[in-house]
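Here the structure is laid out as structure tokens; the discussion comes afterwards.
What follows draws every value from the coordinates through simple rules; no lab data is involved. These numbers come from a predicted model, not from an experiment. Note that we place each Cβ from the backbone using ideal geometry, even for glycine, and neighbour counts take in every protein chain shown.
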Amino acid sequence: MSVIPASQPAASGGLSIRDLTLSIGRGDKAKRILRGISLDIPAGQITGLAGESGSGKTMTGMTVLGLQPAQATVGGVIEFDGRNLLELPTKKLNTLRGNDIAMVFQDPTSSLHPMLSIGSQLTDHLRQHTGMSKREALERARVVLEQVKVPDPAGALKKYPHQFSGGQLQRVAIASAIMCSPSVLIADEPTTALDVTVQAGILRLLRELCDDLGLAILLVTHDLGVMSALADTIAVMREGEIVEHGDRFQVITAPRDPYTKALIDALPHDGSAPTAPDSTSTGDAS
Amino acid sequence: MSQTTAPAQPDVLAVAARRRMRFPVALRNPLAITGTAIIVIWLLLALLAPMISPADPLAQDFDRLQPPSAAHLFGTDQLGRDVLSRVLDGARVSIILPLLLVVSSLFVGTIAGSIAGYFGKVADEVIMRIADLVFAFPTIILAMVIAASLGPSLTNAVIAMLIVSWPAYARVTRSLVVVASRSEYVVAGRLLGNSPLTSLGKDILPNIIAPVVVLATLDVGTAILLLAGLSFLGLGAVPPTPDWGAMVSDGVQNFSSWWISVFPGLAILTVVLAFNFLGDALRDGLDPRTADAVKGRAL
Amino acid sequence: MTSLLELDSVKVSYRVAGKPRLVAVDDVSLSLGTRQVLGLVGESGCGKSTLARAICGLEGLDSGSITFDGTPVTRLGMRTRDRKLLRIQMVFQNPYASLNPRRTIGKQIEDGLKVNPDRSAWTVPDLLAHVELDASARTRFPHQFSGGQRQRIAIARAIASGPDLLVGDEPIASLDASLQARVAGLMRNLALETGASLLFISHDLSVVRVIADDVAVMSRGKIVERGDVNEVWSNPQQPYTQQLLSAIPKVDGLGILPG
Ligand SMILES: Nc1ncnc2c1ncn2[C@@H]1O[C@H](COP(=O)(O)OP(=O)(O)OP(=O)(O)O)[C@@H](O)[C@H]1O
Ligand SMILES: Nc1ncnc2c1ncn2[C@@H]1O[C@H](COP(=O)(O)OP(=O)(O)OP(=O)(O)O)[C@@H](O)[C@H]1O
Ligand SMILES: [Mg+2]
Ligand SMILES: [Mg+2]
């Protein structure tokens, strides 16, 4: 079993969020959705973001990409590559999106056009930005689909989104996010629709991307098991605030915040593994 | 790609819903405001024309071919009619008629497209074959041929334009309906006992109609130009009905009296531009994925 | 035990361009009694959603038959649904796609209430409270909610219709553990109190263990194992089931990748 050590402090190249606030509506009726989020997402590390349903995890990720609702008021700083993304003109932000910062959306269909084949969707952007030939791009798409464990990758290129199962689509969405080799990846519940065997493969892939390519990953998930396996540090959100942020081991084994503690206590099998299956088990570590 | 066609757009459905918020945002852009203002002014002028016209648009009361002056701001034409009054009155035919045309075309096309997309099979085959047939010909030429064979009259010109324009709406609607009808909320509604028609009216159409309406807005300008074109060729408004296209045509025959054609020509220009400004702004408020559907034009 | 739902050698396939048809559900026979909670687990893409859709009459069968409470389930197609079959309701997998973006939450939950034979069984605020949402949600639109909140709204709508058979396709996958436990408990209790049955699809055996009596394990379109949930959990017979169990990440903070 390989125990991945909690990584070293931040290298340069990641993303840094400071005092991010977001509210919707005006005056007294304004709904404060993010209430001052500060979070570093260093390169070569996986930063976990957990928290209860509706606490603002998705909104945080969306805001980094400038995809917050049109009527939202945003404050604070999101620093990437020496620039504040919140002050970047839309055009510049558009070129950053997908190239340097990519996102796996919680809704896997959201980044896919329902009427175009997966092959053309995966390759369009890449070809536009790198001038790659169609054949090269399709080959890369096939390789990436294989990496995310989509069955029959060559056939998948010709299919349309509605022809995939929920979990397959989620993998296609992951593929589309990593196609252009971004340097920051925001993965919003990337494995909710996956069974544990496929999930294990995806987790391993994310870990490799992070270690080998120095990707900065923000991993949003409510699944503490996934968190415990993958995240280097874990931040816990509640009602628009980060209530706790620390080293993975500390947050899981000795949570400081009562809410985090409640989350961990609520685990169905109180953190323990199921009874170990027979010797035929394939459950060996990498 | 997440970020290709749709620059990393979240949730096509949420965006669809957000459109109710986004249209107002889109409309805040200066071109959209200018466009809307011009359209509103023209519509008011068209409605109030009988009251505010300085003269009867049909009366041949004045000296012929007078250049613009204090008495006749836009001059008079070859029959001694007041050009300003004719331009104002012409707005009724030249704007309101194309507007009605686009609305009817939208109506017919949406119904045909919904039937084809939702019920599929034979209905789909028949409707889309007819649409393909119309698409096979260049729009303007087909409209001219139909208008000519029906005989020159405004009604016939409008019928001709309707025939050539509905298939574009049908196509767009069809493809949007096909995708929308697979949505889980549509299916969930059917499981709760919605009949196919209820489902179409309650769950499908409200969610796809926005891009179709934007397409229509973009088409109003073209429809105005096309009707003016048909009238110019003598296939539309029959004299003496004031119509901008026919007026431009009159001016061309009285070449030295520039004011006869320039003022109706400017009127056409302002309205067409105004509708295009508005249509473009509305299109920018659409989800980029559905905005694709609006790339083609009906006319 | 009388059986409420009976699947007999059901086969469903999809057309794929340029290839032979893809068999998504292959010769599945299954029966589900009243007041029974059956968990259905299996790898991604093995045909769970397809099977659920077939049970609701949303897919045509290549062969075999589905009977619900004595009524054969036929493909819905372009007809209004048979009144008897309204007693089967489903919570769909994608919470973002299962609510109409243009109608308020309240209206959509009322759609469910309308088909409930016992009209006074629920009120909208009741249901919202049960899925732990604020009563103000009623007048709002789906895009104003998070993934997990939408999932709960979809569950509330399905419960509102008072079904005899509720099919949940990964209905609580987007919820955190504590909420998962509460909502799963809610679904189970409702099923048992109103005499309904529950087919609960999940890729997560540890969730199924909490809610189901029986579990069926699906792999490549076939049911490979069925049994009492605790037995399967502690003594899985099939290699695939064993894999499913061993790949569950442990919450130990050690950063060990599962599998
Ligand atoms: N357009 C909007 N208008 C008003 N409120 C909104 C809007 N979008 C989201 N919200 C609210 O913002 C809060 C945060 O939502 P967000 O999607 O970030 O939650 P989340 O932490 O990702 O939850 P989940 O785990 O359920 O996905 C929620 O309470 C939601 O109701
Ligand atoms: N409309 C379709 N056309 C062609 N193939 C399809 C279609 N829908 C599903 N499939 C294929 O059928 C198989 C079963 O899909 P299904 O959605 O039932 O899987 P699932 O068990 O629900 O998986 P998941 O856990 O990922 O949601 C998959 O391989 C999928 O690619
Ligand atoms: Mg979320
Ligand atoms: Mg599924």
Quiz prompt | Nearby lysines by direct alpha-carbon distance to residue B:202 (threshold 19 angstrom, same-chain neighbours under 8 apart not counted) | solution = C:107, C:114
Quiz item: What relative contact order, as a whole-number percentage, does chain C give when Cα pairs under 8 Å and 6 or more residues apart are counted?
Solution: 24
Quiz prompt | Per-residue average of Cβ from other chains inside 10 Å of C:142-155 | solution = 5
Quiz item: Nearest 20 debye, what's the magnitude of the dipole of chain C about its Cα centre given +1 on Lys and Arg Cβ and -1 on Asp and Glu Cβ?
Solution: 1080
Quiz prompt | Candidate lysines for bridging to residue C:250, where Cα separation is under 17 Å - those fewer than 8 sequence places away on the same chain excluded | solution = A:261
Quiz item: Got a sec? How would B:106, A:112 order by Cβ neighbour count within 10 Å, fewest to most?
Solution: B:106, A:112
Practice problem: Mind checking which of B:267, B:145, B:134 is farthest towards the positive end of segment B:93-298's charge dipole, using Cβ charges of +1 (Lys, Arg) and -1 (Asp, Glu) about the Cα centre? | Solution: B:134
Quiz item: Using Cα pairs under 8 angstrom and six or more residues apart, how large is the relative contact order of chain A, in percent?
Solution: 26
Quiz item: Which value, in nm² and rounded to one decimal, describes the direction-averaged projected area of the C-alpha convex hull of segment A:5-156?
Solution: 11.9
Quiz item: Just counting partner chain Cβ atoms within 10 Å, what average do the residues of peptide A:187-195 show around their Cβ?
Solution: 6
Quiz item: Quick one: Cα centre-to-centre distance for segment A:127-151 and segment B:48-95, in angstrom?
Solution: 66
Quiz prompt | Fraction of the pair-distance distribution of segment C:1-116 above 16 Å, Cα-Cα pairs, percent | solution = 68
Quiz item: Computed FRET efficiency, Cβ-Cβ of residue B:27 and residue C:107, R0 22 Å: what is it to the nearest 0.05?
Solution: 0.20
Quiz item: How big is the convex hull of the Cα atoms of segment B:67-197, per residue, in Å³?
Solution: 159
Exercise. State the antiparallel share, in %, of DSSP beta bridges confined to chain A, rounding to the nearest 5.
Key: 55
Exercise. Please arrange A:222, A:129, C:130 by counting, for each residue, the other beta carbons lying within 10 Å of its beta carbon, fewest first.
Key: A:129, C:130, A:222
Self-check item: Rule-of-thumb Rg ratio for the protein assembly as shown [Cα; 2.2 N^0.38 Å; N residues]
Solution: 1.08
Quiz prompt | segment B:93-298, relative contact order in percent, only Cα pairs under 8 angstrom and at least six apart counted | solution = 26
Exercise. Describe numerically, in nm with one decimal, the distance between label points set 7 Å from Cα along Cα→Cβ at residue B:44 and at residue C:16.
Key: 6.3
Self-check item: Burial ordering of C:51, C:22, A:126, fewest other beta-carbon atoms within 10 Å first
Solution: C:22, A:126, C:51
Practice problem: Translational diffusion coefficient, Stokes-Einstein: compute it for chain C using the Kirkwood radius over C-alpha pairs as Rh, at 25 °C and 0.890 mPa s, and state it as an integer in µm² s⁻¹. | Solution: 129
Quiz item: Dimensions of segment A:62-129 along principal axes (Cα, Å, largest first)?
Solution: 39, 25, 17
Self-check item: Packing-based ranking, highest mean first, of A:140-151, C:205-216, C:160-171 given that Cβ atoms within 10 Å are counted
Solution: C:160-171, C:205-216, A:140-151
Quiz item: Under 27 Å Cα-Cα from residue C:19, which lysines qualify once same-chain neighbours fewer than 8 residues away are excluded?
Solution: A:134, A:149, A:158, A:159, B:121, C:11, C:48, C:222
Self-check item: Rounded to the nearest 20 debye, dipole of the protein assembly as shown from Cβ charges on Lys, Arg, Asp, Glu
Solution: 1520
Quiz item: Expressed as a whole number of Å, what is the distance separating the alpha-carbon centroids of segment B:249-276 and segment C:40-100?
Solution: 62
Quiz item: What does the charge dipole of segment A:57-184 about its Cα centre add up to, to the nearest 20 debye, if the Cβ of each Lys and Arg holds +1 and the Cβ of each Asp and Glu holds -1?
Solution: 280
Quiz item: By how many nm would the segment from residue B:198 to residue B:71 lengthen if fully extended, with 0.36 nm per residue of separation less the alpha-carbon distance?
Solution: 39.7 nm
Quiz prompt | D (Stokes-Einstein, µm²/s), Kirkwood Cα radius, segment B:93-298, 1.567 mPa s at 4 °C | solution = 71
Quiz item: For segment C:81-86, what does the Karplus curve 6.51 cos²θ - 1.76 cosθ + 1.60, with θ = phi - 60°, yield as ³J(HN,Hα) per residue in whole Hz, taken in order and with x for Gly and Pro?
Solution: 5, 3, 4, 5, 6, 4
Self-check item: Rounded Å value of the spacing that divides the Cα centres of segment C:225-259 and segment A:66-106
Solution: 40
Self-check item: Share of pairwise Cα separations in chain A, more than 24 Å, in percent
Solution: 52
Exercise. Rank C:39, C:18, C:202 by how far each Cα sits towards the positive end of the charge dipole of chain C (+1 on Lys, Arg Cβ; -1 on Asp, Glu Cβ) and give me just the farthest.
Key: C:18
